[in-house]
Amino acid sequence: MNKSLKYTMSAVALLLLLFFLNQSQQSKYNLSSNLIFNGDSELIHRIIMNGSKGDTLELVKTDTTWTMTQADTLILKDRQFNQLFERLIGGKYDMIISNNIQKWSKFGVTDSLGRSIRLFDKNNRLLGHYIFGNKGQDYSHNYVRVYDKKEVYRTLENVYYLLNTNPTFFGKNPPKKEPEKVEKKEEINIDTTSSR
């Protein structure tokens, strides 16, 4: 083999080595799952949402019906409740933003700045606890972190508004019952006292 062929083969081998080294380094940044909640949403029987001002809303499932413990006279709005499960609990994140605890306040995912949601099963075991933040100029995304983890992720869409602890956001007054209309029957008086 001549010298130029040896240099060429060495350069190709070095490039391949660098390529595979780069691939292995980048593979640790791939997300194994991009779902916010990885569990089965059918197992959720209780949801507690906390606002950043200390306000709380609790939703409880009894058999197949969900109610709010703070406002049990309200009927749940289907659209908001379905969006809570589809877009927030079933939502996704697209990238890791930070794994530095010092930057949590920058993204609003601290206990005092963020809004949290806790999910429980029927035996009152915690299935998930997440803190959402809405800091910054990006209004089409939010930030989320699992309560006991340090990584902060960016959500695919804005779901922060779904963590509303006002009972009227999820509930509405039941329809008023109209009084039953009583039909008046015409009375026919027949005079039976008259003689013929």
Quiz prompt | Within the range 160-180, tally of residues that are part of a loop (DSSP other than H, G, I, E, B), out of contact with any Phe, Trp or Tyr (no Cβ under 9 Å at 6 or more places or on another chain), surrounded by fewer than 19 Cβ atoms within 10 Å (Cβ to Cβ) and not basic (Lys, Arg) | solution = 7
Practice problem: Determine, yes or no, whether Lys181 is modelled with pLDDT under 90, over 42 Å from the mean Cα position of the chain (by Cα) and basic (Lys, Arg). | Solution: yes
Exercise. Scan the range 2-26 and report the pairs whose first residue is at pLDDT 85 or above and whose second residue is exposed (fewer than 10 other Cβ atoms within 10 Å of the Cβ), with Cβ atoms within less than 9 Å and a gap of 6+ or a chain change.
Key: Met9/Met1
Exercise. For Lys106, indicate whether it is part of a helix (DSSP H, G or I) and charged (D, E, K, R).
Key: yes
Quiz prompt | Pairs where the first residue, in the range 56-77, is β-branched (Val, Ile, Thr) and the second is exposed (fewer than 13 other Cβ atoms within 10 Å of the Cβ), C-beta under 8 Å, 6+ apart | solution = Thr73/Asn173; Thr73/Pro174; Ile75/Asn173; Ile75/Pro174
Quiz item: Considering only residues of the range 93-136 that are in contact (Cβ under 8 Å) with a residue 40 or more places away in the chain, closer than 17 Å to Asn50 by Cα and aliphatic (A, V, I, L, M), which is surrounded by the most Cβ atoms within 10 Å (Cβ to Cβ)?
Solution: Val109
Quiz item: Right, Asn189: of a type outside the set (Gly, Ala, Ser), loosely packed, with under 10 Cβ neighbours inside 10 Å, more than 16 Å from Leu84 (Cα to Cα) and at pLDDT 90 or above or not?
Solution: no
Quiz item: Out of all the residues in the range 107-123, which are farther than 15 Å from Gly39 by Cα and touching a His at 6+ places or on another chain (Cβ under 8 Å)?
Solution: Ser116
Quiz item: Quick one: in the range 40-70, which of the residues that are among the small types (Gly, Ala, Ser) and surrounded by 15 or more Cβ atoms within 10 Å (Cβ to Cβ) is modelled with the lowest pLDDT?
Solution: Ser52
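Looking at this structure, is Tyr147 in contact with a His (Cβ under 7 Å, 6 or more places away or on another chain) and surrounded by fewer than 17 Cβ atoms within 10 Å (Cβ to Cβ)?
Judged against the criteria, Tyr147 is a match.
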Quiz item: Among (1) more than 17 Å from the chain's Cα centre (by Cα); (2) under 14 Å from Arg145 (Cβ atoms), which single condition is Arg125 missing?
Solution: (2)
Quiz item: Hey, any hits in the range 114-127 for a residue that's at pLDDT 90 or above, in contact with a helix residue (DSSP H, G or I) (Cβ under 6 Å, 6 or more places away or on another chain) and at negative phi?
Solution: yes
Quiz item: Does the range 83-92 contain at least one residue that is surrounded by fewer than 16 Cβ atoms within 10 Å (Cβ to Cβ) and free of Cβ contacts under 8 Å to residues at least 24 places away in the same chain?
Solution: yes
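The values are calculated or read from the model by the stated rules, or taken from the named source; none is laboratory data. In this text, all values refer to a predicted model and were calculated from it rather than measured experimentally. Every residue, glycine among them, receives a Cβ derived from its backbone with ideal geometry; neighbour counts consider all protein chains shown.
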